[in-house]
Structure formats: structure tokens, C-alpha cells
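Participant: Here it is, the structure, as C-alpha cells.
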Amino acid sequence: MGTAVTTLIKDSPPDTPQARPGPPAAVKRRGRRENLAGYLFMSPWIAGFLLLTAGPMAASLYFAFTDYNLFDSPKWIGLDNFTKMLDDPRWQKSVEVTAKYVVIGTPLKLLLALGVALLLAQSRRGQAFYRAAFYAPSLIGASVSVGFVWRALFSDDAVVDRTQSFFGWDVGGWVGNPDWVLYSLVALTVWQFGAPMVIFLAGLKQVPKELYEAAEVDGAGPFKRFWSITLPMISPVLFFNVLLETIHSFQIFGSAYVVSNATCGPADSTLVYTCYLYQKGFKEAQMGFASAMAWMLLLAVALVTAVLFWSQKRWVHYEEASR
């Protein structure tokens, strides 16, 4: 009988694993309700993105290949707007002025921001007050009222003109001088160094003090410590600020428009790219041409951004990569 029982056990099929029951219907309904609630909360942002960002961008891309004056129906003309743009002397002038502004203004702003951040990184009395005072121009610098004040400061016989005349430098007011008015815009953007300063300050706080102590024991001076320790350690922060401020500089419009009294002059000396785009689109009603200009600016900013990301491999040091 034992043999028969053994044979019966051997010949019996193995137990098949039972499929786990799925979640109850109530759980599924609750999950669908939670997803629906999430989409409802996101719907204002989704609607805003589609109606105010994605939709206008798609329309602008279409208008870039058309002859459109805001009043008549757009007429497809292919690449004519782009070929006219490249042959336009004022468009070339706007590219030159914008490039000059970016190349001069961005490094000066970042150098001043880094210098002040190095000073504020040291423990001293009233540090919170100094941080707030230096950051304040970044909050109000982009306002129209500051543009009017800046125009008044750099006009003929104003504060800047009288100060430079006192030191024997008679060039007149910068606003009316085609050779100097762009530098008043550079001074305005440099004055707004508060935002990158705060970011630099946060990066400096993350540098271990042990590195400075070890370098000081080895006899490294202040410049050597800054070059060999501070700059490499804050290079990711430096890269972030360079990228952000470069893109911001390409988008300059309000200060140039206000300081030049809505003329982008004199003699097109403040004809930055966005100012010429505004003139073409809204003053001359050449919206197709302006749309083509906008997409050229986007491509230029994308190219500069790609170059910066490519170059970071040579000078940006990440902590994870060194491990």
C-alpha cells in the first residue's frame, strides 16, 4: 500500500501557482478619481501653455514664411523673409549692437557679482543688510521707472556729465552721444548684479574650509587659493551664471527702448535685436519679417547655449566626476 501511495503522489500534477487577484474595483475607481483631480489642478497651466506659449510659437513659425501685416491674410512666400533679413543693413546693425552688448556687459556683470560675493562670504557685521542692499537693484532694475531715471542721470548736464567734466573728461551726456549711449545700457545691466551675486555666494558657502587651511599651510597665497581652489569648486555655479546671464543679455529690450526714448538711437546706436524686431512687427506692421527675426534669435541663443555646454567639459568640475 505504501508503494501505491508513493506512486500516486509522484503521478499527481504539481500545484500550479494561482494568479493573484487584481485590485478591487473600488481601488481602480479611486485611482481614476485621483488622476482626474490631478489633471484638473494642472488644467490652468496646460491651458496657459497651449494658448499663451505653444500656440503663439506655432503661429509665429508659420508667419515667418509668410507676408503678413496684421490686417490682411498671410501670404506664403517661403524663405523670402530670411533672405531679406540677411541683406538688411539695419538687421546687421542690430546683430552688431546686440553682440557688443552681450560681450561687454555679461563678463563685467559676472566679475562684479563674483567680487562682491567674495567679500560677503567673509563673516562680518551687518552682512544681511549688505546682501539685501546689493540684491535690491536686481528687483527694480528692469522697471520702466528705473529706465527713465537712468536716462536722466546720463543726459546732458546731468549728474554723470557734471562728474566727468569735473575730472576733465568732456564727452557730454552719454544718452545723446552715439559712441557712448550703449555703455550706459552696459552700466545699467552691471548695476543689476544682485541675482548672480546671490548664486555665487551660495556656491562659495559650499567650498570646504579645510581646503583653504591645507593650501595656506602649503604656503599658497590668496591669489593661488582663489585660482586653484575657489574657481574650480564653484565652476558649476559659474557655468550656470554665464549661461543664464548670456541668454538674458540677448533678450534686452526695455532698458534700450526707454533710455533711447523709444527711438533705439541716436543713429541706431542702441538698436538691439529685440528693439528692431519690435519696430518691424508693431511699427511697420511686418509681422512675417518680425516672426522670422524671432526664430533667428532663438536659433542664435540655442547655438550659443550648445557651445557653452560643449565647452563646460574643459573648465567645469563636478564633484561626482572627480570621485
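The values are calculated or read from the model by the stated rules, or taken from the named source; none is laboratory data. Everything numeric here is computed off the predicted structure, so don't read it as measured data. As a convention, Cβ positions derive from the backbone with ideal geometry for all residues, glycine included, and neighbour counts pool all protein chains shown. These accessible areas exclude ligands, DNA and RNA; they are computed on the full protein's heavy atoms, side chains included. Shrake-Rupley method; radii C 1.70, N 1.55, O 1.52, S 1.80 Å.
Participant: With the full set of protein chains in place, find how many percent of the accessible area of the chain is carbon and sulfur; take the probe as 1.4 Å.
Facilitator: Working: 13490 of 20390 Å².
Reported share for carbon and sulfur atoms: 66 percent.
Participant: Would you check the accessible area of Val175, probe 1.4 Å, heavy atoms only, in square angstrom rounded to 10?
Facilitator: Number for this one is 20 Å².
Participant: Here's a follow-up. Here is the link list: Lys75/Lys283; Lys84/Lys283; Lys84/Lys109; Lys100/Lys280; Lys100/Lys224. Which ones come out longer than 24 Å on Cα distance?
Facilitator: Working: Lys75/Lys283 20 Å; Lys84/Lys283 18 Å; Lys84/Lys109 35 Å; Lys100/Lys280 22 Å; Lys100/Lys224 32 Å.
Cα-Cα > 24 Å for Lys84/Lys109; Lys100/Lys224; rest within.
Participant: How big is the dipole moment of segment 144-299 about its Cα centre under a simple scheme where the beta carbon of each Lys and Arg is +1, that of each Asp and Glu is -1, and everything else is neutral? Debye, nearest 20, please.
Facilitator: Details: 8 positive and 12 negative charges, 74 e Å.
Taking the Cα centre of segment 144-299 as origin, the dipole is about 360 debye.
Participant: Same structure, new question: I'd like the distance separating the alpha-carbon centroids of segment 122-165 and segment 192-230, in whole Å.
Facilitator: When both Cα centres are located, 27 Å separates them.
Participant: While we're here: Explain nothing, just the number: relative contact order of the chain, from Cα pairs under 8 Å at least 6 residues apart, as a whole percent. Mind dumping the intermediate values first?
Facilitator: Numbers: 309 pairs, mean separation 82.9, N = 323.
Rounded, it is 26 percent for the chain.
Participant: Then there is this: Of Arg151, Arg30, which has the most accessible area with a 1.4 Å probe, and how do the rest follow in descending order? Walk me through the numbers on the way to the answer.
Facilitator: Details: Arg151 65, Arg30 115 Å².
The most accessible residue leads, giving Arg30, Arg151.
Participant: Let me ask another. Suppose every K and R has +1 on its Cβ and every D and E has -1 on its Cβ; what is the size of the dipole of the chain about the Cα centre, in Debye to the nearest 20? All intermediate terms of the calculation are to be shown ahead of the outcome.
Facilitator: Values: 27 positive and 23 negative charges, 256 e Å.
Using Cβ point charges on Lys, Arg, Asp and Glu, the chain gives about 1220 debye.
Participant: Can you tell me the accessible area per residue over segment 137-255, all protein chains present, probe 1.4 angstrom, in square angstrom?
Facilitator: On the way: 6440 Å² over 119 residues.
Value returned for segment 137-255: 54 Å² of accessible area per residue.
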